[in-house]
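Encoded as structure tokens, the structure appears first; notes follow it.
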Amino acid sequence: MNLTSIGDLARGLTLRTRSTEIKNQIETLSYELSSGRVQDLPGHLDGDYSHLLDLDRSLSRLDAFKVSTAEAGLFTDAMQLSLNTVAGAVEGITASLLSFGTSNQAVTHENASAQARNELDAIVSALNTRVGGRSLYSGTATDVSPLPSSDTLITALEAELTGAATVADIRQRAEDWFNDPTGFDAVIYQGSGTKLAPMQISENESVSIPVTATDPAIKAALRDIAVAAVVADSGLNVPTQQRTALFKQLGVDLVNAKDQLVRLRADVGATEARIEQAQTRNNAARTSLQSSRSTLIAADPYETAAQLQAVQFQLESLYSVTVRNANLSLVNFLR
């Protein structure tokens, strides 16, 4: 029988090599047990990354949609709040104006105009709201506020109403100026005539937010409240009876304007609902894809723990053999 032996140096090198291999295995198995994913991904997938790459691409798209839906949601939420402020201002002044014809409340023309100026300030401030540095009602010109101060609007409107004395004449001039492209849109509105581009919120769905300060519902509210704010101005010389009649008519008109604002807010609310639904679907899809990805690269915790225990036992055994070899001597052999 042939016996093959190795020298002490070779034996020591063999034991150190084996010890390094076992330690590397322990390190790998410890990582897999703690992270829950395999370390040798190419070997685990047999070199086929197609499925994993497809999952990663889908997750990246969903991450992009998460940002866009969050931005769209923030935009529409702020728009809804500002429209609520506009509706509240309209409701407040409407009650005062209608009181001229529906009750005996002691509301003077000057008081009504002063309240209208205050409500106009509130509306202009609400329409100039910015979110993330972007104006809500300026169309694509999100870097500028859509409206100047209410004083600028009142001054421009007074110039258009100068010389008008009857209710019909005042209302017609105001309506013509607000509807004329060279009137309100050119003189007062500072935003862009181009609406915001649709915002992509999912793979096959986008939402449009086409509301600007030139929306008919908003312009109707601005027009009637601005007229109420200037009609008591002594410079216009509107007769007292005509003022009273005009205030009553403006109150009726603002009721209709309020209804238009309700429809506008409903449209924005519908957009908010679509965004929330898209967020829910995207989150569900992300959870499903993340689960599939984890399953694809996951390390079995029970199998990994068993392998780790076996490898640890091998290392302990190797240490025992190393110690025994280190204690070998000729004297001990001859005993």
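The values are calculated or read from the model by the stated rules, or taken from the named source; none is laboratory data. All values derive from a computational prediction rather than experimental measurement. Backbone-built Cβ (ideal geometry, glycine too); neighbour counts: all protein chains shown. Protein only, heavy atoms only, side chains kept; ligands, DNA and RNA dropped before computing areas. Shrake-Rupley method; radii C 1.70, N 1.55, O 1.52, S 1.80 Å.
Summary table
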quantity	calculated
Test for THR214: is it of a type in the set (S, T, N, Q), under 28 Å from VAL231 (Cβ atoms) and surrounded by 13 or more Cβ atoms within 10 Å (Cβ to Cβ)	yes
Residue among ARG281, ARG265, ARG223 that is touching a strand residue (DSSP E or B) at 6+ places or on another chain (Cβ under 9 Å) and open to solvent by 20 Å² or more (accessible area, probe 1.4 Å)	ARG281
Pairs, first surrounded by fewer than 19 Cβ atoms within 10 Å (Cβ to Cβ) in region 142-171, second polar (S, T, N, Q) and in a helix (DSSP H, G or I), C-beta under 9 Å, six or more apart	ALA165/GLN242; THR166/GLN242
Those residues of region 181-211 which are over 30 Å from ALA285 (Cα atoms) and open to solvent by less than 60 Å² (accessible area, probe 1.4 Å), in sequence order	GLY183, PHE184, ASP185, ILE188, TYR189, GLY191, SER192, VAL211
Residue list for region 204-213, restricted to those being in contact (Cβ under 8 Å) with a residue 40 or more places away in the chain and more than 16 Å from the chain's Cα centre (by Cα)	VAL211, THR212, ALA213
The listed residue being among the small types (Gly, Ala, Ser) and not in a loop (DSSP other than H, G, I, E, B), out of SER113, SER138, SER145	SER113
Test for SER192: is it touching a residue at least 60 places away in the same chain (Cβ under 8 Å), within 30 Å of ARG274 (Cα to Cα) and not acidic (Asp, Glu)	no
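Yes or no, residue by residue, for (1) in contact with an Asp or Glu (Cβ under 6 Å, 6 or more places away or on another chain); (2) free of Cβ contacts under 8 Å to residues at least 40 places away in the same chain; (3) not in a strand (DSSP E or B); (4) not acidic (Asp, Glu):
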| position | (1), (2), (3), (4) |
| --- | --- |
| ARG61 | no, no, yes, yes |
| ALA72 | no, no, yes, yes |
| GLN80 | no, no, yes, yes |
| ASN84 | no, no, yes, yes |
| ALA87 | no, no, yes, yes |
| VAL90 | no, no, yes, yes |
| ILE93 | yes, no, yes, yes |
| GLU119 | no, no, yes, no |
